[in-house]
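Reading through the structure tokens given below for one structure.
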């Protein structure tokens, strides 16, 4: 499975390739955050779930959305998606989600009056760095 190493295909500049890579990571993250946020809100408002419970389903939906986005736009994986790749992605994503979720719960516990969406934003910002490292060097690493 090929991954973008930041050097760019022959004939393209490394700066352009890095910009595409970073742009793909940011767009994929924004889409994942949107899926997470909208699913959290739907769980709270439509299903009357506690935010802690609603967030679990939201994380699952966001994992699938970001896997498909990252493999296509961030890491430009040429082959078809595989269960093995999804397993590696889900494992990394769940580890990052554990950081994200525990931060989210800690914020809600420390500040019960805070808006769940604000707690989500802070927790997601913290987990972003962990996410990139896990994806770049674990899931979509270039084996060459």
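Only the coordinates and a few stated rules stand behind these numbers; no lab work does. Everything numeric in this text was worked out from a predicted model, so none of it was measured.
Coordinate range of the alpha-carbon atoms in region 36-80 per principal axis, descending: 41, 13, 13 Å. Derived value for region 63-144: Kirkwood hydrodynamic radius 13.7 Å. Basis is the mean of 1/r over every pair of different alpha-carbon atoms. Using equal-weight Cα scatterers in the Debye expression, the normalised intensity of the chain in log10 at q = 0.10, 0.12 Å⁻¹ is -0.37, -0.51. Which angle between 0 and 90 degrees, to the nearest 10, do you get for helix 51-69 versus the longest principal axis of the chain when only C-alpha atoms count? Tilt of helix 51-69: around 10 degrees.
For residue 18 and residue 30, the difference between the fully extended length at 0.36 nm per residue and the C-alpha to C-alpha distance is 2.5 nm.
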